[in-house]
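Note sheet for the following structure.
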Amino acid sequence: MEVGSFFGSSAAFMAVEIANSGKAIRFDACDNFTGIKRENVPKDDEWARYQQAMAEAGSLEAACRANLARVQDYVTVRAGDSLDLSTNLSRRVARLRVPR
Ligand SMILES: C[S@@+](CC[C@H](N)C(=O)[O-])C[C@H]1O[C@@H](n2cnc3c(N)ncnc32)[C@H](O)[C@@H]1O
């Protein structure tokens, strides 16, 4: 389970890795889709790109789902709070941190 999938770029990478592995791995990309706040984005151009991508897709969730459409067999997008969504997970969960 990925927490905070945002536009889905890390999830897309992971889904391709899962596809290439040939293993049956369940992968949930989770986000409550509240997005990010202006004060957490120091660069103006970065904030402008974020706003534009949101406007083009209609919402952060729509953008994420559209970006992951081509790998939908390997990742399930789940909208909701990470704590709520994690209660349905089994005990056998791989934890992975993708460095930026
Ligand atoms: C900074 S972005 C993550 C960036 C992403 N990991 C990447 O590499 O592009 C943080 C994301 O976490 C989501 N988020 C924040 N609190 C959350 C929560 N409690 N449950 C699920 N998602 C949450 C926000 O909606 C936002 O999309």
Taking the criterion of being of a type in the set (Ser, Thr, Tyr) and surrounded by 14 or more Cβ atoms within 10 Å (Cβ to Cβ), would at least one residue in the range 44-52 satisfy it? yes
Options Leu85, Leu60; residue that is modelled with pLDDT under 95, within 12 Å of the ligand (Cβ to nearest atom) and surrounded by 16 or more Cβ atoms within 10 Å (Cβ to Cβ): Leu85
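Yes/no matrix, rows are residues, columns are (1) in contact (Cβ under 8 Å) with a residue 40 or more places away in the chain; (2) in a loop (DSSP other than H, G, I, E, B); (3) within 12 Å of the ligand (Cβ to nearest atom); (4) surrounded by 12 or more Cβ atoms within 10 Å (Cβ to Cβ):
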position: Ala11; (1), (2), (3), (4): yes, no, yes, yes
position: Val16; (1), (2), (3), (4): yes, no, no, yes
position: Ala24; (1), (2), (3), (4): no, yes, no, no
position: Ile36; (1), (2), (3), (4): no, yes, yes, yes
position: Ala55; (1), (2), (3), (4): no, no, no, no
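The values are calculated or read from the model by the stated rules, or taken from the named source; none is laboratory data. Worth saying up front: this structure is predicted, and the values here are computed from it rather than measured. Here Cβ is always computed from backbone atoms with ideal geometry, including for glycine, and neighbour counts include all displayed protein chains.
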